[in-house]
Amino acid sequence: MKATMIRHRCFRLAASPPLVFCFWLLGYAAWAQTAGDFLAGNSKSCRSCALERAALKRRDLSEADLSGANLEGAVLHRARLMRAKLTGANLTDANLNKSDLKNASLAQAKLERAMLYEADLSAADLSGADLTEAKMQKARLVRAKLDGAHMPEAILTGARLDEASLRGANLSAANLVEATLRRANLEGANLNNAGLVDAALREANLKGANLSEADLFGADLSGANLAGADLSEARLSRAILTGAVLDGANLKGALMPDGSVHD
């Protein structure tokens, strides 16, 4: 039933309880109409809409407002989402492979197990987002904001995170093999047991970061700030530490580049 039809009938009712129900129905109809318009491509605004498993492959959703929307399991493969507003949206298990999310707002969004293979998230805001077990192989996150993001066991092999901000982010057990994090800000980040084999961390800020038990085999840490970082039991075999700041760093039990184990 269309919202306009319900509205006309509502004003004919005099009794209070039916009137309350009628206006609830009016709100539901307006919401359904909004979701319908969005799915039909007639609108780019659908705040807090229920769009579970929506088929949005290759859709142009540039600057769309989907704040708080439920897009769980949605297919957004190769979708254009530049500058889109997805703040607080639920994208759990969503397919965002090769999507364009440059400058998009995904702060506090739920992206558990989301697929973001080769997605472009350059300069996107993912602060406080939940990316637990997200699949982000070869994703582009240059200058992205990931402060306080929750990313345990995320797969970021070959991802580009140069100049990204990951202050206080949780990357425990994350796979960052061959990822680039040049000049990235990882101050206070949790990288416990993370895989950073052959990762590029030149001039990265890792002050106070937790790198205990992390695998940094062959990682380039030239000029990196590791002051106060926890590198206990870390594997630093063949790692490059030229010019790195290690003041106050905990290296107990770490396997050093020369093959020795630090006391």
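The values are calculated or read from the model by the stated rules, or taken from the named source; none is laboratory data. Remember, predicted model here, so these are calculated numbers, not experimental data. Neighbour counts are summed over all protein chains in view; Cβ atoms, including those assigned to glycine, are modelled from backbone coordinates with ideal geometry. Areas reflect the complete protein model, heavy atoms only, side chains present, ligands, DNA and RNA absent. Shrake-Rupley method; radii C 1.70, N 1.55, O 1.52, S 1.80 Å.
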Among all residue pairs at least 6 apart or on different chains, which show Cβ distances below 6 Å where the first residue, located in the stretch 144-172, is under 13 Å from Leu191 (Cβ atoms) and the second is open to solvent by 10 Å² or more (accessible area, probe 1.4 Å) and hydroxyl-bearing (Ser, Thr, Tyr)? Pro152/Thr132; Pro152/Ser172
For the condition open to solvent by 40 Å² or more (accessible area, probe 1.4 Å), closer than 18 Å to Leu116 by Cβ, among the charged types (D, E, K, R) and in a loop (DSSP other than H, G, I, E, B), what is the one hit in Arg202, Arg182, Arg143? Arg143
One residue from Ala54, Ala74, Ala79 being at pLDDT 90 or above and touching a Phe, Trp or Tyr at 6+ places or on another chain (Cβ under 9 Å): Ala54
Candidates Leu116, Leu161 - the one that is open to solvent by less than 10 Å² (accessible area, probe 1.4 Å) and either over 21 Å from Leu216 (Cα atoms) or within 10 Å of the chain's Cα centre (by Cα) (or both): Leu116
Boolean, Ala254 is surrounded by 22 or more Cβ atoms within 10 Å (Cβ to Cβ), of a type outside the set (S, T, N, Q) and under 29 Å from Ala129 (Cβ atoms): no
Can you spot a residue in the stretch 206-213 that is among the hydroxyl-bearing types (Ser, Thr, Tyr), modelled with pLDDT of 95 or more and part of a loop (DSSP other than H, G, I, E, B)? yes
Filter result for the condition that a residue is modelled with pLDDT under 90 and part of a helix (DSSP H, G or I), over Ala30, Ala14: Ala30
Would you say Asn210 is crowded, with 21+ Cβ neighbours inside 10 Å and farther than 22 Å from Lys135 by Cα? yes
Look through the stretch 214-261, keep the residues that are without any contact (Cβ under 8 Å) to a residue 12 or more places away in the chain and assigned to a loop (DSSP other than H, G, I, E, B), and return whichever of them is farthest from Arg202 (Cα to Cα). Ser260
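Residue-wise test of (1) in a loop (DSSP other than H, G, I, E, B); (2) open to solvent by 30 Å² or more (accessible area, probe 1.4 Å); (3) aliphatic (A, V, I, L, M); (4) closer than 18 Å to Leu141 by Cβ.
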| residue | (1), (2), (3), (4) |
| --- | --- |
| Gly68 | yes, yes, no, no |
| His77 | yes, yes, no, no |
| Arg83 | yes, yes, no, yes |
| Asp93 | yes, yes, no, no |
| Lys102 | yes, yes, no, yes |
| Ala107 | yes, no, yes, yes |
| Glu112 | yes, yes, no, yes |
Failed item, numbered, when Glu187 is tested on (1) modelled with pLDDT of 95 or more; (2) more than 27 Å from Gly88 (Cα to Cα); (3) open to solvent by 60 Å² or more (accessible area, probe 1.4 Å): (2)
Looking at Leu201, is it out of contact with any Gly (no Cβ under 6 Å at 6 or more places or on another chain) and either under 11 Å from Arg167 (Cα atoms) or touching a residue at least 40 places away in the same chain (Cβ under 8 Å) (or both)? no
